[in-house]
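Written out below as structure tokens is the structure these notes cover.
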Amino acid sequence: MRRTKRWLKALFLLLLILAVTGVAIRMFARLPSLDGRTVSHAWVDTDDSRIGRAVVSSTAGHPGFSGIHLLDDGRDAFAARILLARAAERSIDVQYYIWHGDVTGTLLFNELRAAADRGVRVRLLQDDNTTYGLDETLAALDAHPNIEVRLFNPFVIRSPRWIGYATDFLRLNRRMHNKSFTVDNQATIVGGRNIGDEYFGAGDGGLFVDLDVLAIGPVVRDVSSDFDRYWASASSYPADRILPRVSAARRDEIETAAKSVGNSPAAQHYIEALKHKSIVTRLAESSLPFYWSPVRMVSDDPAKALGRAPREGLLITRLDRLLERPRQRVQLVSGYFVPTKKGVDAFTAMAGRGVHLNIVTNALEATDVPIVHAGYAHYRKPLLEAGVRLWELRSEAGAVSLRDVAGGSGARSVIGSSSAALHAKTFTVDGERVFVGSFNFDPRSARLNTELGFVIHHAELAHRMDADLERSIPLIAYELRLSGKGGLIWIERRADGTEVRYNTEPGTTFWQRAVVSFLSMLPIEWLL
């Protein structure tokens, strides 16, 4: 009894110390004031820019419609960003959740700096959750007279970051997951890709199967207005109020190091491969094909990052209204899929009305976030029982086809990639409407992170994506079915027409499955 009391006293004392320490750290490490921030807005008089003239010519025959071009290939997606940055004359507005300091990340930083050297105004809004090791790089960019960097929902204590999570978890757990790259308020790239080698088919590591769209026309102004809203939000902090300053000599060293990365054999090999992409020629000749249609931008109110957004300001609320009630078919692709009980009930109700439902996500062997798989795994049986078809991307899908799963055309492999993980976030409804964006079907996207995407009303595009999925998914994903004993079966269909059936999660070890099983029992779904 005495020993128990001593343990309880020690535990109470520890909790008290942690609480007092947390309060002290919060008092010491307060966010800076936002008073006196510079005020800026997207340029609106850009029709006479190089890109503007091309867009005006293209949109003339499609009044009120926006043009959409799918970027279903990682190297196309990177080349499009590079070419737009090089064509910029007035402004580049960039908003991302992750930006790695690897080859492609450094190349894009170099392009932003080169545009600023030409007199282009560059605004970079970067979520601060994954900026490890980039403080000096971002500070050096921010020091350029034509570049302004802001950090969304920043960590005041730069290292170690866990101290911030320990003392200010409720704020720092909410992140800006939006992704957009807008040039001269005339062309924008929106979708699921962050900035890093794994998103653009660079290097020898794994590849994320992902999807962006390049858009021109009226929806670009909507994206720019939304960027302005985030730029001026209460979570957007000027980098020079958060990051340590770097000297002029150190800035020169950083720029020299960045240029050396761009001149490295790995970078030059990648750049050389880009030269052979058809998108390079088509963008240069203004001959890129577009789907012309009404396009609605949907996004979260940036106040969501502070837990203050009204329900009508949430993307998920607007999606419900814009997509209406599905009548025939829903094809859903989401790398991170945690439907929750409410979502399962909704899918069950759809299936009960005769709606054909296809859902594609990652297999455990392919996912880069096993804890999310744990949140999804126990919903598989009720979904299958309701008549929903479930598919899980195989990790070796890179050797079969990485393009079709995201709605592309023409199966092919990506040189240097031995594994793949699904990262795209897209769905089609009734062969009429398409969503492409950053929104995952999980509680984090719905309730915690801010998100951005397009709802595209174009039957031909929707039918193309449906057909691509129907054709390619059986070759690159396991189909899940219920076994006669109430368990699950994973079916792998091979190119030679044979089938292999697995009674446990294929490509995994006992310990991997055990960890996922344990995680699935924890009350953490709201975090996933």
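Spin-label model, Thr498 to Arg513: label points 7 Å out along the Cα-to-beta-carbon direction sit 2.2 nm apart. Both radii are taken from the alpha-carbon atoms of region 49-90; with Rh as the Kirkwood radius, Rg/Rh is 1.03. Highest average first, the peptides 257-269, 300-312 ordered by how many other beta carbon atoms sit within 10 Å of their residues are 300-312, 257-269. Packing here is the average count of other Cβ atoms within 10 Å per residue, and on that basis the peptides 33-39, 179-185, 287-293, highest first, run 179-185, 287-293, 33-39. For the chain, the solvent-accessible area works out to 43 Å² per residue, with a probe of 1.4 Å and every protein chain left in place. Across region 75-92, coupling constants 3J(HN,Hα) worked out from phi with the 6.51/-1.76/1.60 Karplus curve, θ = phi - 60°, read 6, 4, 5, 6, 4, 4, 5, 4, 5, 5, 4, 6, 8, 4, 10, 10, 7, 10 Hz, and Gly and Pro carry x.
Give the separation of the Cα centroids, region 171-185 to region 107-168, in Å. Rounded to whole Å, the Cα centres lie 13 Å apart.
Straight-line cross-link reach from Lys425 at under 26 Å between alpha-carbon atoms covers these lysines, not counting any fewer than eight positions away in the same chain: Lys179, Lys277, Lys304, Lys341, Lys342, Lys381.
Dividing the summed -39500 (n - 2.57) terms of all DSSP H runs of n ≥ 4 by the residue count of the chain sets its mean residue ellipticity at 222 nm at -11500 deg cm²/dmol.
Taking the DSSP beta bridges with both ends in the chain, the antiparallel portion is around 65 percent. Pairs of Cα atoms nearer than 8 Å and 6+ residues apart set the relative contact order; for the chain it is 16 percent.
Sorting the segments 42-54, 117-129 by their residues' average number of neighbouring beta-carbon atoms within 10 angstrom, most packed first, yields 117-129, 42-54. Pairs of C-alpha atoms in the chain farther apart than 30 Å represent 51 percent of all such pairs. Taking amide H atoms as placed 1.01 Å from N in the peptide plane, the amide H of Leu71 lies under 5 Å from those of Asp212, Val213, Leu214, each 5 or more residues away in sequence or on another chain.
Figure legend: label point modelled 7 angstrom from the Cα of Lys485 along Cα→Cβ; residues of region 509-528 with amide N under 20 Å from it are 509-511, 513-514, 517. Given the protein chains as shown and a 1.4 Å probe, how many square angstrom of His276 are accessible, to the nearest 10? For His276, the solvent-accessible surface is approximately 140 Å².
Here's how it looks for Leu207: its modeled amide H is under 5 Å from those of Ser419, Ala420, Ala421, which are all 5 or more places away or on a different chain. Note on surface exposure: Glu470, Glu285 rank Glu285, Glu470 by accessible area, highest first, 1.4 Å probe. Model label sites at Ala467 and Val44, defined 7 Å from Cα along the beta-carbon direction, differ in position by 4.2 nm.
Amide H contacts of Val436 (H built 1.01 Å from N, in plane; Pro and chain starts excluded): Phe454, Ile456 sit under 5 Å, all sequence-distant by 5 or more or on other chains. What shape does region 177-268 have by the C-alpha gyration tensor, where a ≥ b ≥ c are the square roots of the eigenvalues, rounded means a/c under 1.5, and otherwise prolate means a/b greater than b/c and oblate the rest? Here region 177-268 falls in the oblate category. Mind giving me the FRET efficiency for Asp252 and Arg118? R0 is 25 Å, r the Cβ-Cβ distance, nearest 0.05 is fine. Result of the calculation: an efficiency of 0.85. The dipole here belongs to the chain: it is taken about the Cα centre, uses +1 on the Cβ of Lys and Arg and -1 on the Cβ of Asp and Glu, and is about 2060 debye. Per atom type, region 213-261 shows carbon and sulfur on 51% of its accessible surface, probed at 1.4 Å.
In order along region 326-331, phi translates into HN-Hα couplings of x, 9, 10, 8, 10, 10 Hz, rounded to whole numbers, per the Karplus curve 6.51 cos²θ - 1.76 cosθ + 1.60 with θ = phi - 60° and x for Gly and Pro.
The values are calculated or read from the model by the stated rules, or taken from the named source; none is laboratory data. Quick caveat: nothing in here was measured; it's all calculated off a predicted structure. As a convention, Cβ positions derive from the backbone with ideal geometry for all residues, glycine included, and neighbour counts pool all protein chains shown. Please note that ligands, DNA and RNA were not included when accessible areas were found on the heavy atoms of the full protein model with its side chains. Shrake-Rupley method; radii C 1.70, N 1.55, O 1.52, S 1.80 Å.
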